[in-house]
1. Could you please tell me which pairs satisfy a Cβ distance under 9 Å, a separation of 6+ or placement on different chains, a first residue in region 132-151 that is more than 13 Å from Ile118 (Cβ to Cβ), and a second residue that is open to solvent by 70 Å² or more (accessible area, probe 1.4 Å)?
2. Being of a type in the set (D, E, K, R), open to solvent by less than 50 Å² (accessible area, probe 1.4 Å) and at pLDDT 80 or above is the requirement here; does Glu129 meet it?
3. Can you give me the number of residues within region 142-153 that are among the hydroxyl-bearing types (Ser, Thr, Tyr) and surrounded by 11 or more Cβ atoms within 10 Å (Cβ to Cβ)?
4. Quick test for you: out of Lys96, Lys119, pick the one residue that is modelled with pLDDT under 80, assigned to a helix (DSSP H, G or I) and surrounded by 10 or more Cβ atoms within 10 Å (Cβ to Cβ).
5. Could you tell me which numbered condition Ala103 fails, if it satisfies all but one of (1) hydrophobic (A, V, I, L, M, F, W, C); (2) at pLDDT below 85; (3) surrounded by 14 or more Cβ atoms within 10 Å (Cβ to Cβ)?
6. Considering each residue of region 75-90, count those that are part of a helix (DSSP H, G or I) and either open to solvent by less than 30 Å² (accessible area, probe 1.4 Å) or touching a Lys or Arg at 6+ places or on another chain (Cβ under 6 Å) (or both), and give that number.
7. Mind counting the residues in region 46-74 that are under 20 Å from the mean Cα position of the chain (by Cα), under 13 Å from Leu94 (Cα atoms) and open to solvent by 50 Å² or more (accessible area, probe 1.4 Å)?
Amino acid sequence: MGSIRDRFDQEGYQMYSKIEQWLVQSASGKVSDEILREIVEFYNDDFNQNLLEVQGQTFAQEFLCSDVTLPDIISKAREFSPGKRVFYSEIIKLVKPLLVMPASNASSERSFSSLRFIKSYLRNSMGQERLNNLLLLYIHSEDTGALSIKAIADEFVETKEGRGCYFGIA
């Protein structure tokens, strides 16, 4: 339980929660100035607080009900025309971190377990670049398994003129 509490008590997750809370409140017509101030302070100069406040007040007009959820907000933002995207530019900038922030850190944990496997197998006999390349291949093995070796070899030969002499032309 302690590690779960630690995971959700991190500053980044708390800010993620505040962004979600502010967006839902503003879409419901209940703008919180305190949460908005905390968001703007956290992101420094990335957001214009006055513009975000005005856009938050008008954002509620896009929804006809008071029970707005985050998926409603995201789908509405995706439907915006280019003109509305400009009009709600600060809201769009606020939605973007929600879309790219991972729900968990499982992918980073998977990377470390892969590193432990690769590094223990090959020990310290390789440089950083080779280790990074091997980790990419190992982590994305389902994608790399579908690649055509012949197509990769052909592309390698075609990228430089002299390679056809050494490796043959396909």
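The values are calculated or read from the model by the stated rules, or taken from the named source; none is laboratory data. Quick caveat: nothing in here was measured; it's all calculated off a predicted structure. Counting neighbours? That spans all protein chains shown, and the Cβs are built from the backbone with ideal geometry, glycine included. Ligands, DNA and RNA are excluded from the accessible area calculation, which covers all protein heavy atoms including side chains. Shrake-Rupley method; radii C 1.70, N 1.55, O 1.52, S 1.80 Å.
1. Between residues of region 132-151 that are more than 13 Å from Ile118 (Cβ to Cβ) and residues that are open to solvent by 70 Å² or more (accessible area, probe 1.4 Å), the close pairs are Thr144/Leu136; Thr144/Leu137; Thr144/Tyr138; Lys150/Ala170.
2. Here the answer is no, as Glu129 does not meet what is asked.
3. Of the residues in that region, 1 qualify.
4. Result: Lys119 is the single residue among Lys96, Lys119 that is modelled with pLDDT under 80, assigned to a helix (DSSP H, G or I) and surrounded by 10 or more Cβ atoms within 10 Å (Cβ to Cβ).
5. (3)
6. The total comes to 2.
7. Adding up the residues that qualify gives 1.
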